[in-house]
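J.: Pasting a structure below so you can have a look.
The values are calculated or read from the model by the stated rules, or taken from the named source; none is laboratory data. Bear in mind the structure is a predicted one, so any value in this text is a computation, not a measurement. Here the Cβ is made from the backbone with ideal geometry for all residues, glycine too, and neighbour counts use every protein chain on show. Ligands, DNA and RNA are excluded from the accessible area calculation, which covers all protein heavy atoms including side chains. Shrake-Rupley method; radii C 1.70, N 1.55, O 1.52, S 1.80 Å.
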Amino acid sequence: LTAPDAFRLVLLPPTSDVSAELECSIEHATLSQYRQDPINQYAALSYVWGDPTDVRQIIVDGCPFYITATLETALRHSRVAGRVIRIWADALCINQADTSERNQQVSQMGSIYSVAHHTVIYLGDSTEETDHIFNELAAFGKKGSVVIARPGPTADQRSKYSHMADGLKTLILQKPWFTRVWVFQELLLSRDPWLQCGKKRLKWESLGQFLRFTHGMNVDFH
């Protein structure tokens, strides 16, 4: 990395097969380049590193490379059919063995998150239950402003939303990501944050909208 705002990106080739071998390549770029490019954009990955002894082998530019199981799962589920995905992930895009580079890259992480077109908050593998919660929250996000504008939920609606809140609290908000101290910096700097479990994605705003609504119902998420 030579330019003052240089950084690396991971390029994930297209596939719809989650089980396909995880291969990628590294692209060198600058933040100024992406600030001025409305077409070619990247997503920043926010995730929990997990157990450093639990590692998986992937292929980077034709060579074997080892990353934590949590990052491997996140990258595996980030691939899509039909196009290359550009993603920034600290463990791969920063040379962790180079203290000088690591310090310099950490100092510009705020810019990396703010320039990224999206931030993907990867929470881990999905289950039928988490998929259901994501679907319900996405549906609420589409009609939330209408629901919020009403005088108050009916008894049936209150029961439904309370049940959704219980599922959200136990299945999503207990994920390790929500216990990290520095996630709020990554979140606040992000232009368009999304939550992801497995392949399921949800706009952060949909979650926020539901939390604001249920706060008015005095739902306790602690």
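J.: In the stretch 28-43, what count of residues is obtained for those that are assigned to a loop (DSSP other than H, G, I, E, B) and among the hydroxyl-bearing types (Ser, Thr, Tyr)?
T.: Qualifying residue count for the region: 1.
J.: Could you grab me the full set of residues in the stretch 47-67 that are under 18 Å from the mean Cα position of the chain (by Cα) and modelled with pLDDT of 95 or more?
T.: Within the stretch 47-67, Ile67 is the sole residue that qualifies.
J.: Also: I need a count of the residues in the stretch 90-120 that are open to solvent by less than 60 Å² (accessible area, probe 1.4 Å) and assigned to a helix (DSSP H, G or I).
T.: 13
J.: A follow-up question, please. If I go through the stretch 157-186 residue by residue, how many of them are open to solvent by 70 Å² or more (accessible area, probe 1.4 Å) and among the acidic types (Asp, Glu)?
T.: 1
J.: Can you pull out the residues in the stretch 44-89 that are within 22 Å of Ile172 (Cα to Cα), open to solvent by 30 Å² or more (accessible area, probe 1.4 Å) and outside any helix (DSSP H, G or I)?
T.: Residues satisfying the conditions are Val48, Trp49, Gly50, Asp51.
Matching residues to (1) of a type in the set (Gly, Ala, Ser); (2) on the phi > 0 side of the Ramachandran plot:
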residue	(1), (2)
Thr2	no, no
Gln57	no, no
Asp61	no, yes
Ala91	yes, no
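J.: Being under 17 Å from Ser107 (Cβ atoms) and of a type in the set (Val, Ile, Thr) is the filter; apply it to the stretch 1-40 and report the residue that is most open to solvent (accessible area, probe 1.4 Å).
T.: Restricting to residues being under 17 Å from Ser107 (Cβ atoms) and of a type in the set (Val, Ile, Thr), the top hit is Thr2.
J.: Filter the stretch 187-198 down to the residues that are part of a loop (DSSP other than H, G, I, E, B) and surrounded by 15 or more Cβ atoms within 10 Å (Cβ to Cβ) and list them by number.
T.: Ser190, Gly198
J.: Enumerate the pairs (first residue in the stretch 15-35 and modelled with pLDDT of 95 or more; second residue anywhere and of a type in the set (Ser, Thr, Tyr) and not in a loop (DSSP other than H, G, I, E, B)) with beta-carbon separation below 8 Å, excluding pairs fewer than 6 apart on the same chain, so at least 6 apart or on different chains.
T.: Leu31/Ser111
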